[in-house]
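So the structure is just underneath, and the comments pick up after that.
The values are calculated or read from the model by the stated rules, or taken from the named source; none is laboratory data. Since we're looking at a predicted model, the values are computed, not measured. As a convention, Cβ positions derive from the backbone with ideal geometry for all residues, glycine included, and neighbour counts pool all protein chains shown.
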Amino acid sequence: MGTYTRDEVAERAGVDPAYVDRLVELGIVRPDPGGAFSQGDVRRASWMHSLDVAGVPLEGIATAVRDGLLSFGYLDASAFDQFAQVSDTTFAELSERTGLPMTMLNVVREALGFAEPHPEDRVREDELSLVPAMQVLSDGLRPVTIERWLRVCADSLRRIAETETAWWRTDVEVPLLEGGMSTAQMLEAQAEFGSRIGPHMEGMLLAVYHGQQEHAWRKSALEDVEGALEHAGLLSRLHHPPAVSFLDISGYTRLTEERGDAAAADLAERLGGLVRRSSQAHGGAPVKWLGDGVMFFFPAPGQSVVSALDMVDGAATQGLPPARVGIHAGPVVFQEGDYFGRTVNIASRIAEYARPGEVVVSQAVVDTAEGAPVAFTRIGPVELKGVSGPLLLHSAHHAA
């Protein structure tokens, strides 16, 4: 990674040169005999400044390092190479040079998890790496769309990083300490392990992203084709179409975050048993779990309604959070264990519309539910997000 002078360390760490001198005097940062500093020293200067600002006394840290109670040598590990340094470009200069407004650059900083910058603050190198993509996106997308995309990315990746950090502590750091290591030894050992698995973790994240991307793009393409054929009168209607349903557990994410991992595992196990038993008893099957809920496929729409009502009732009697279900019937495309198409999209939107404890279905389900012991109450034409034109919806309940 090369070596750096005192001033280069200060610039890359975003601190004053005098601050680097202070860290050297305290023995927290140690240049080589020739006075050169390492990449790890840059990180140590940056991290120490963060601790200092947070109120952690540098003198206390220095004493702990001298006594062998703490070590920041692990910051030399390659696991930390992906963490960015600050550049010599300010936000004001970047905005003027690229034409990107400060409001959008603020969202870039926000997406990376840092506070809103001032125009004279220097841009981080990872923020600079986002600029080419932002410029290309700006040629075709509205700023509000780009900002929304950035925030979604940030929220999803923040949750991944926080979950990763939590299990890193419980499954890596704590066992090392319980095995007899000191804190200093543990920090060195965990950094070495992190350096070995880091590239594989990044590859895994990209693989999952590209897999989800393929599903989303394929779904969009199928909806475009179906829309064009339907508009031209070339999409024939099935006499006995299958049904897709989405069950959503209200407040599931909030509940699991409040009660912790053990409660989340128990809730998922009880919900899983309920939905599998009910769907299979009525000829359907769960297709996949989607955060707060489950997607199902049923060959017979009427049976999908009976199953949905049983699941909503079962959630209430088993002490689970209230469930809501949306169902639509129509043609679907099956590939690699999953279902795609407008039918799937509409069923998902209906589930979003339903209230906790309610099963809401489309007119297509009502028309094909003959023989099932269910009844329907008309809700009326409803405009659903992402669905062109109003959709006639009904609330389902058990037949008297």
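Among the residues of region 250-260, is any surrounded by fewer than 18 Cβ atoms within 10 Å (Cβ to Cβ), under 28 Å from the mean Cα position of the chain (by Cα) and modelled with pLDDT of 90 or more? No: zero hits.
Results for (1) β-branched (Val, Ile, Thr); (2) surrounded by 13 or more Cβ atoms within 10 Å (Cβ to Cβ); (3) in the same structural domain as GLN185 (by TED's automatic domain parsing), shown as yes or no for each residue.
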residue	(1), (2), (3)
VAL15	yes, yes, no
GLY27	no, no, no
GLY35	no, no, no
SER38	no, yes, no
GLN82	no, no, no
LEU94	no, yes, yes
ARG97	no, no, yes
MET104	no, yes, yes
VAL107	yes, yes, yes
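Tallying residues that are hydrophobic (A, V, I, L, M, F, W, C) and in a loop (DSSP other than H, G, I, E, B) within region 175-206 yields 1. Being modelled with pLDDT of 85 or more, within 30 Å of LEU69 (Cα to Cα) and either β-branched (Val, Ile, Thr) or surrounded by 11 or more Cβ atoms within 10 Å (Cβ to Cβ) (or both) is not true of ALA243. The helices (runs of 4 or more DSSP H) found entirely in region 8-121 that carry 2 or more residues being free of Cβ contacts under 8 Å to residues at least 60 places away in the same chain and hydroxyl-bearing (Ser, Thr, Tyr) are 39-53, 91-98. Could you grab me the full set of residues in region 311-337 that are surrounded by 18 or more Cβ atoms within 10 Å (Cβ to Cβ) and within 19 Å of THR368 (Cβ to Cβ)? The answer is VAL325, GLY326, ILE327, HIS328, ALA329, GLY330, VAL332. Against the conditions (1) closer than 24 Å to ARG122 by Cα; (2) hydrophobic (A, V, I, L, M, F, W, C); (3) touching an Asp or Glu at 6+ places or on another chain (Cβ under 9 Å), LEU26 satisfies every one except (1).
Checking each residue in region 300-349 for being charged (D, E, K, R), within 24 Å of ALA264 (Cβ to Cβ) and in contact with a Lys or Arg (Cβ under 8 Å, 6 or more places away or on another chain) picks out only ARG324. Residue-level check: of (1) surrounded by 13 or more Cβ atoms within 10 Å (Cβ to Cβ); (2) closer than 27 Å to ARG43 by Cβ, TRP149 misses just (2). If you take the residues of region 31-42 that are closer than 14 Å to ASP7 by Cα and touching an Asp or Glu at 6+ places or on another chain (Cβ under 9 Å), which of them is modelled with the lowest pLDDT? Looking at the filtered set, the residue picked out is GLN39. Residue check: ALA308 meets all listed conditions (1) of a type outside the set (D, E, K, R); (2) surrounded by fewer than 19 Cβ atoms within 10 Å (Cβ to Cβ); (3) modelled with pLDDT of 95 or more but one, namely (2).
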